[in-house]
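Participant: Sharing a structure, written as structure tokens. Questions coming.
Nothing in this text is a laboratory measurement; each read-out follows from the coordinates by a stated rule. Just so it is clear, the model here is predicted, and its values are computed rather than measured. Note: ideal-geometry Cβ built from the backbone for every residue, glycine included; neighbour counts use all protein chains shown.
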Amino acid sequence: GIVGVRGYGGGVIGRYSQLADQFPGVAHFHTVRVNQPSGLFYNSETIRFICDLWDKYGSGLTNFHGSTGDMVLLGTVTDNLEPLATILSLNGFDLGGSGSAMRTPSCCLGPARCEWAMIDTLDITYDLTQEFQDELHRPQFPYKFKIKTVGCPVDCNASIARADLSIIGTWKGPIAIDQDKVKDYAKKGMNIQEEIVNFCPGKCITWDGNNLTINNSDCLHCMHCITKLAGALKPTPPFGATLLIGAKANFVIGATFLWVIVPFMGMKPPYQEIKDLIKNMWDWWNEYGKNRERIGELIIRRGMREFLEVCGLEPTPEMVREPRNDPFWFWTEEDLEKKPWEEYLK
């Protein structure tokens, strides 16, 4: 950008007033982004430190938190940027992402506070932040790239609408049912048929007035029944994550939601499988992406089939976003010899 901190290509958004002669107090009003801790956990001492530091070196105005997740410190002058960044660094903080770079990874509070977390969102976010420091601090992409990690399909971070790459915790085992607790919900006035069975998108739940039954092979893992019947239903291992690509707000082609690219991936340190996948997709994006074109827009322009080939991913039915309207799913004679195409759709 037009102004920054030595050694960083991002983290500071330069803002100068065109009416500096009339309003000298805001002749400079730069924004500084500070990398937040995973899960947005602070103690009061940390908050006081940030506020006191910004009162001294900036306007005192803050934004906790922006859509990316950074602590956003609003309004300072150019001469204050270096001392501010130095003090932040000496106290364990780092600048966040801005510009055409990987933005600061963010996550929900995960296993620290949530009973439904199926992956360690805090460790994954910290690990990816450390791994991709160069991409975070030195803009080199066609446009921004956001990674958001959530512990379960409830998606408290709204990653499905805002992340270029979303890591959503999920499970493979059956949903465990405590029938006594389900009956207790019914006794207390919940209409199980109307509020649970009829709202199931997979149509996999039945209720006979006494027992709840789930056909797990048809379950779409939306978490609706689990959250409504908290304590009565529980997902079971193995746990992992679904990876999705391409959400963003309006810009080149309008707002888009995420698209499944990996239905299930185990998420154990050092997370090498997902790191390799991210590097592959970045190489392709850097090669073919236009200026200010998000990776999801590039996939729409060049096709999901090419993206999957570059990333070494095999097409699966979970990737189908719009029935009978996907350009990358091709049946082969070998596939159909194994079983008829209707069986693949079950």
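Participant: In whole Hz, with x marking every Gly and Pro, tabulate ³J(HN,Hα) for the stretch 113-122 from phi via Karplus 6.51 cos²θ - 1.76 cosθ + 1.60, θ = phi - 60°.
Facilitator: So the Karplus estimates, Gly and Pro as x, are 9, 10, 6, 8, 5, 10, 9, 8, 4, 5 Hz.
Participant: If you don't mind, there's one more thing I want to ask. How many angstrom separate the Cα center of the stretch 207-282 from the Cα center of the stretch 26-98?
Facilitator: 33 Å
Participant: If I take R0 = 30 Å and measure r between the Cβ atoms of Leu90 and Arg113 in this structure, what FRET efficiency does the formula 1/(1 + (r/R0)^6) give, to the nearest 0.05?
Facilitator: Plugging the Cβ-Cβ distance into 1/(1 + (r/R0)^6) gives 0.50.
Participant: A further question follows. What number results when the radius of gyration of the stretch 43-94, computed over Cα atoms, is divided by 2.2 N^0.38 Å?
Facilitator: Normalised Rg, Cα atoms only: 1.08.
Participant: Read through the labelled values (1) -0.44, -0.54, -0.75, -1.00; (2) -0.52, -0.61, -0.78, -1.06; (3) -0.38, -0.49, -0.72, -1.07 and report the label of the one computed as log10 I(q)/I(0) by the Debye sum over Cα atoms at q = 0.07, 0.08, 0.10, 0.13 Å⁻¹ from the structure.
Facilitator: Only one option fits the structure, namely (3).
Participant: What percent does the relative contact order of the chain come to when contacts are Cα pairs within less than 8 Å and at least six residues apart?
Facilitator: For the chain, the relative contact order is 13 percent.
Participant: Now, a different point. Using the per-residue mean of other Cβ atoms lying within 10 Å as a proxy for protection, in what order, highest first, do the peptides 26-39, 53-66 fall?
Facilitator: Highest mean packing first, the order is 26-39, 53-66.
Participant: Quick check: pseudo-label points 7 Å beyond the Cα along Cα→Cβ at Asp79 and Lys187, how many nm apart are they?
Facilitator: 7.4 nm
Participant: Take every DSSP beta bridge with both residues inside the chain and express the antiparallel ones as a percent of the total, to the nearest 5.
Facilitator: Expressed as a percentage, antiparallel bridges in the chain total about 80.
Participant: How much length is gained if the chain between Ala249 and Glu195 is pulled fully straight, taking 0.36 nm per residue apart and subtracting their Cα-Cα distance, in nm to one decimal?
Facilitator: That works out to 16.3 nm of additional length.
Participant: Shifting gears a bit: Expected output is a single nm value to one decimal: the length gained when fully extending between Asn291 and Val26, i.e. 0.36 nm times separation in residues minus the C-alpha distance. What is it?
Facilitator: Additional length available on full extension: 92.3 nm.
Participant: So what's the back-of-envelope 222 nm ellipticity for the chain, counting only DSSP H runs of four-plus at -39500 (n - 2.57) apiece and dividing by all residues, rounded to 500?
Facilitator: Estimated from H runs of four or more residues: -8000 deg cm²/dmol.
Participant: With r defined as the distance between the Cβ atoms of Lys203 and Arg321 and R0 fixed at 22 Å, what FRET efficiency is calculated, to the nearest 0.05?
Facilitator: 0.65
Participant: Starting from 0.36 nm per residue, how many nanometres of slack lie between Ser44 and Ile160 once their C-alpha separation is accounted for?
Facilitator: 38.6 nm
Participant: A further question on this structure: Check the straight Cα-Cα distances from Lys146 and name the lysines below 25 Å, setting aside those fewer than 8 residues away within the same chain.
Facilitator: Within the straight-line limit of under 25 Å, Lys146 reaches these lysines: Lys248, Lys268, Lys275, Lys279, Lys290.
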